[in-house]
Amino acid sequence: MARILVVDDDEQIVELFVHILSRDNRFEVKTAQTGYDAGVMTEQFKPDLMILDYMLPDINGNVVCQTVRQNPMLSGMKIIIVSGVINQSEIDGLLKAGADEFVKKPFDIEKLMEWVNALVD
């Protein structure tokens with residue numbers, strides 16, 4: 001079973017991801033609403049995939065990506081960044097920081113699930 005951590009401060013987005021991912025019995029889903037909580041959950045839960053909002057209340061997605069990528073225990077974890085307000089240079093920076101994919105809000109849920117399936121398989 002693949003472990004997925006959803007990190008977003010928007011409760012509706014978190015609920016949407018949990019609802020969709022939980023219907024698929026191949027996934028175990030946990031959530032966090034801040035970068036700090038994401039760090040704690042990552043250590044405890046050891047997700048295979050993190051779906052990460054770029055703009056969190058405490059830190060941004062770059063910092064989370066860099067922190068994860070510096071931890072050899074998490075080297076296999078995939079990261080999908082989700083954001084609504086962002087430009088191409090920021091996207092490039094996120095990919096350099098260690099994100100595997102970038103998805104713009106509002107997103108097509110089927111397309112996002114294709115990314116999830118591709119990265120988890």
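Quick one: is I4 buried (at least 18 other Cβ atoms within 10 Å of the Cβ) and among the β-branched types (V, I, T)?
Against the criterion (buried (at least 18 other Cβ atoms within 10 Å of the Cβ) and among the β-branched types (V, I, T)), I4 qualifies.
Hey, could you check the range 101-116 for residues that are aromatic (F, W, Y) and either in a helix (DSSP H, G or I) or modelled with pLDDT of 85 or more (or both) and say which is surrounded by the most Cβ atoms within 10 Å (Cβ to Cβ)?
F102
Could you tell me which of the residues I20, I13 is buried (at least 16 other Cβ atoms within 10 Å of the Cβ), over 20 Å from G61 (Cβ atoms) and either in contact (Cβ under 8 Å) with a residue 60 or more places away in the chain or not aromatic (F, W, Y) (or both)?
Selected residue: I20, the only one of I20, I13 that is buried (at least 16 other Cβ atoms within 10 Å of the Cβ), over 20 Å from G61 (Cβ atoms) and either in contact (Cβ under 8 Å) with a residue 60 or more places away in the chain or not aromatic (F, W, Y) (or both).
Please give the number of the condition D92 fails out of (1) at pLDDT below 90; (2) more than 24 Å from D121 (Cβ to Cβ); (3) touching a Ser or Thr at 6+ places or on another chain (Cβ under 8 Å); (4) of a type in the set (D, E, K, R).
(3)
Condition first: surrounded by 15 or more Cβ atoms within 10 Å (Cβ to Cβ) and either over 13 Å from the mean Cα position of the chain (by Cα) or not hydrophobic (A, V, I, L, M, F, W, C) (or both). Now tell me which residues in the range 66-94 satisfy that. Quick ask: steps written out before the conclusion?
So in the range 66-94, the residues surrounded by 15 or more Cβ atoms within 10 Å (Cβ to Cβ) come out as 67-69, 74, 77-83, 86, 90-91, 93-94.
Result: T67, R69, L74, K78, S83, I86, E90, I91, G93.
Any chance the range 6-15 includes a residue that's more than 18 Å from I109 (Cβ to Cβ), of a type in the set (A, V, I, L, M) and part of a strand (DSSP E or B)? So that I can check it myself, show each step before the final result.
From the range 6-15, those more than 18 Å from I109 (Cβ to Cβ) are 9; that's our starting set.
So of that shortlist, the ones also of a type in the set (A, V, I, L, M) come out as none.
Among the residues of the range 6-15, not one is more than 18 Å from I109 (Cβ to Cβ), of a type in the set (A, V, I, L, M) and part of a strand (DSSP E or B), which makes the answer no.
The values are calculated or read from the model by the stated rules, or taken from the named source; none is laboratory data. Source: prediction; values computed, not measured. Positions of Cβ are generated from backbone atoms using ideal geometry, with glycine treated the same way; all protein chains shown enter the neighbour counts.
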